[in-house]
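Enquirer: Below is one structure. I have some questions about it.
The values are calculated or read from the model by the stated rules, or taken from the named source; none is laboratory data. The structure presented is a predicted model; accordingly, all values stated were derived computationally and were not measured. Cβ placement follows ideal geometry from the backbone for every residue including glycine, while neighbour counts extend to all protein chains displayed.
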Amino acid sequence: MQPGYFPGAPAPVPAPPPADDPLARLAASAKGWHSIQLAVLGFIGICGVLRTGSGSDEPAWLQWLAGLLAVGALVLVGLAIYLVGRVAYPFYGAAAFGSAPQRAEAASRQLRSGIRVTFLAVGALAIAAMSAWWPSGTAAAAAGATVAVQVANGQRVCGTLLDAPPGTVRLETPQGQVSIRFADLATIRAVDGC
């Protein structure tokens, strides 16, 4: 039994690494970054779950680009976790060769690379998330809007917009559907009601 240790008492806490050990300081810093990277990985997962499904008004190319950027962010954060993890939790095998300053310099480069890749992953995810801001519902909002149309001959028609063939405006009025060619339009404006 160790002196000063009693059964049932908490185990002694190991002493912190010496302040002049650069590898220990790098490992401590890398452990902090490793926690941040795991949070980024979780955020990427949450963004993937919260992503809207089909039926969005985004163009197909934008959906593909957002998907590729999200997958790219996942790959980048995985690489970053690996790079920083090797500094945070070093494997003292083949990498232990060389002098302490050489190992510290190599670990420092690897930590910086891992941090840069983490920022790249966050940037890729931010760009992918911006695709959700694509204007949506504009076609659906336009169809069904109430408008007042002034025809070139002075006639006024008020009704709800419907889908129409190119070059025409089609309205649902109390008297029935009315189609007006663009050439015959004088003005068209949104109104609250007819």
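Enquirer: Need pairs with beta-carbon distance below 7 Å; first residue acidic (D, E) and within segment 142-166, second part of a loop (DSSP other than H, G, I, E, B) and modelled with pLDDT under 85; sequence gap 6+ or separate chains.
Expert: From segment 142-166, the pairs are D163/A143.
Enquirer: A further question follows. Does segment 151-168 hold any residues that are among the hydrophobic types (A, V, I, L, M, F, W, C) and loosely packed, with under 12 Cβ neighbours inside 10 Å, and which are they?
Expert: none
Enquirer: How many of the residues in segment 1-60 are at pLDDT 80 or above and polar (S, T, N, Q)?
Expert: 3
Enquirer: Tell me, yes or no, whether segment 127-147 has at least one residue that is modelled with pLDDT of 85 or more and under 27 Å from L41 (Cα atoms).
Expert: Within segment 127-147, one or more residues are modelled with pLDDT of 85 or more and under 27 Å from L41 (Cα atoms).
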